[in-house]
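What follows is a single structure, written as structure tokens, with notes after it.
The values are calculated or read from the model by the stated rules, or taken from the named source; none is laboratory data. Bear in mind the structure is a predicted one, so any value in this text is a computation, not a measurement. So basically every Cβ, Gly included, is an ideal-geometry build from the backbone, and we count neighbours across all protein chains shown. These area figures cover heavy atoms from the full protein model, side chains too; ligands, DNA and RNA do not enter into them. Shrake-Rupley method; radii C 1.70, N 1.55, O 1.52, S 1.80 Å.
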Amino acid sequence: MAAALNTLATHLSTGHTKASEAFGVQALVTQAPNMMLACDLQERIRFMNFTLPGRVLGEVVGLSVMDFVAPTEQPRVRGIIRTVLETGEPTGYEIRSIVQPGPEWFSVRVGPIKAGAENVGFTMIFTDISELKRTQARLEHSNQELESFAYVASHDLQEPLRKIQTFSERLKKLSGDQLSPTGLDYLDRLSAAAIRMRGLINDVLSYARVSSQTRPFTRVDLGALTREVMGDLETAIERTGATLTLGELPVLEADPAQLRQLLQNLLSNALKFRREDVAPAISVEATLDAGMNQCELRVRDNGIGFEEKYTERIFDVFQRLHGRGGRYEGSGIGLAICRRIAARHGGTIGARSSPGAGATFFVTLPLQQPQSR
């Protein structure tokens with residue numbers, strides 16, 4: 001029995017050693033999908049795990065890393081390397097490759113190499129982001145088309161609507177006494193449809209402009225901004241008898257105009273979708289996660305609620321859970337705008353609810369925006 005156990009222990013020990021070799025640092029470096037470089041203070045490549053197609057490692061090691069950077073980009077890259085060596089803090093950048101064949105775009109992460117307390121060089125880790133860049137280009141093209149549509153909507157579509165409204169009002173004023181009740185009803189419906197169409201166009205413009213009309217990210221006091229929005233909604237708050245509770249809210253980096261729009265849409269919905277004969281009770285709170293560099297903003301109400309199977313649908317453009325012409329007016333774009341604003345800030349939006357038990361909308365937002373955003 002003892003001999004058998006010794007044999008098993010030897011086998012397991014040998015297997016563990018082989019596993020360590022197979023999954024050790026050498027395998028991590030040599031078989032990683034990312035290209036890794038170690039460079040000295042003179043920017044010379046001293047180590048490389050693999051190189052691009054058509055290149056031999058022996059031909060690359062010893063060359064300056066700047067030999068593989070476009071001349072126009074060299075000052076930027078040198079500045080990033082210098083900052084890493086001076087601060088000891090890693091950072092990153094994106095760059096178009098000049099080496100062909102090979103990936104078109106790389107994301108590069110630069111970090112210091114230390115010998116004790118002294119920086120003796122730097123590492124560079126290259127990740128292929130070519131497909132990501134192509135997707136980004138397609139999205140930018142789509143946004144440009146959306147902006148073109150917004151321009152057409154704001155000019156070419158608004159003018160006919162103004163004429164419909166103007167001539168409807170004139171016709172009613174000049175010849176209203178000659179029209180039958182049915183004719184007057186048709187005229188009122190025509191005017192109401194024009195007003196509804198104008199509101200719809202303005203909402204579509206607001207949706208399109210989330211990407212086209214942006215401001216730089218600045219430090220925004222979410223508490224102060226929420227109080228300003230509550231002031232803007234003072235009339236609706238008084239009319240409905242609503243009570244609003246405001247928790248402690250953080251300061252974060254955001255586009256203040258867009259964050260105001262997001263808050264106004266969420267609070268307006270909480271006031272609109274209230275239960276009959278029940279005064280709205282709305283709370284705005286936030287939870288911080290410093291480790292993840294984010295906060296979760298929550299807007300909770302005691303309104304009519306909705307079935308959670310419709311959660312995704314309510315954030316889509318033109319999607320309404322209540323038909324037109326009923327008690328709850330709107331175009332079905334407000335929450336789609338909120339999702340677009342959250343996405344532009346690198347965040348997300350969701351909701352929890354049940355019919356008759358109110359709803360809670362939660363928006364996750366970064367406390368600090370990446371430098372590249």
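Taking the convex hull of the alpha carbon positions in the stretch 239-318 and averaging its projected area over all directions gives 7.0 nm². Each eigenvalue of the Cα gyration tensor of the stretch 132-285, multiplied by 5 and square-rooted, gives one semi-axis; in descending order these are 37, 28, 12 Å. In straight-distance terms, cross-link reach from LYS173 covers every one of the lysines whose alpha-carbon lies under 17 Å from its own, apart from those fewer than eight places away in the same chain; here that gives LYS163.
For the stretch 133-145, 3J(HN,Hα) computed residue by residue from phi via the Karplus equation (6.51, -1.76, 1.60; θ = phi - 60°) reads 5, 5, 5, 4, 5, 5, 5, 5, 5, 4, 5, 5, 5 Hz, glycine and proline entered as x. Normalising the average separation of contacting C-alpha pairs (under 8 angstrom, six or more residues apart) by the number of residues puts the relative contact order of the stretch 38-77 at 36 percent. With one equal scatterer per alpha carbon and no solvent term, the Debye-computed log10 I(q)/I(0) for the stretch 66-146 at 0.12, 0.13, 0.15 1/Å reads -0.45, -0.51, -0.64. Can you run the Rg to Rh ratio on the stretch 124-200? Use alpha carbon positions and the Kirkwood inverse-distance Rh. So for the stretch 124-200, dividing Rg by the Kirkwood Rh gives 1.45. Converting phi to 3J(HN,Hα) with the Karplus coefficients 6.51, -1.76 and 1.60 and the offset θ = phi - 60°, the stretch 290-298 yields 5, x, 8, 6, 8, 10, 10, 8, 10 Hz in sequence order, with x at every glycine or proline.
Taking HIS141, HIS345 and ordering them by how much accessible surface each has at a 1.4 Å probe, largest first, produces HIS141, HIS345.
Per-residue surface analysis assigns TYR207 an accessible area of about 50 Å², computed on protein heavy atoms at 1.4 Å probe radius.
Considering only LEU222, LEU205, PHE126, and ranking their Cα positions along the charge dipole of the stretch 102-244 that arises from unit charges at the beta-carbon of Lys, Arg, Asp and Glu, the one farthest toward the positive end is LEU205. What is the extension gain from ASP221 to ARG275, computed as 0.36 nm multiplied by their sequence separation minus the C-alpha to C-alpha distance, in nm to one decimal? Separation in residues times 0.36 nm, less the Cα-Cα distance, equals 16.3 nm.
Take the alpha-carbon positions of the stretch 58-100, form their convex hull, and give its projected area averaged over all directions (one quarter of the hull surface) in nm². It is 3.8 nm². Which ³J(HN,Hα) values, rounded to whole Hz and listed in residue order, are derived for the stretch 240-253 from phi using the Karplus coefficients 6.51, -1.76 and 1.60 in 6.51 cos²θ - 1.76 cosθ + 1.60 with θ = phi - 60°, glycine and proline given as x? Couplings: 8, x, 6, 10, 10, 10, 10, x, 6, 10, x, 9, 9, 8 Hz. On the principal axes of its alpha carbon atoms, the stretch 154-199 extends 35, 17, 10 Å, with the longest extent given first. Using 0.36 nm per residue and subtracting the Cα-Cα separation, the extra length available between ASN143 and ALA290 on full extension is 49.6 nm. In a reduced charge model with +1 at each Lys and Arg Cβ and -1 at each Asp and Glu Cβ, the stretch 118-206 shows a dipole moment near 560 debye about its Cα centre.
Between the amide H of GLN294 and those of ASP289, LEU367, distances stay under 5 Å, these residues lying 5 or more places away or on another chain, with hydrogens modeled in the peptide plane.
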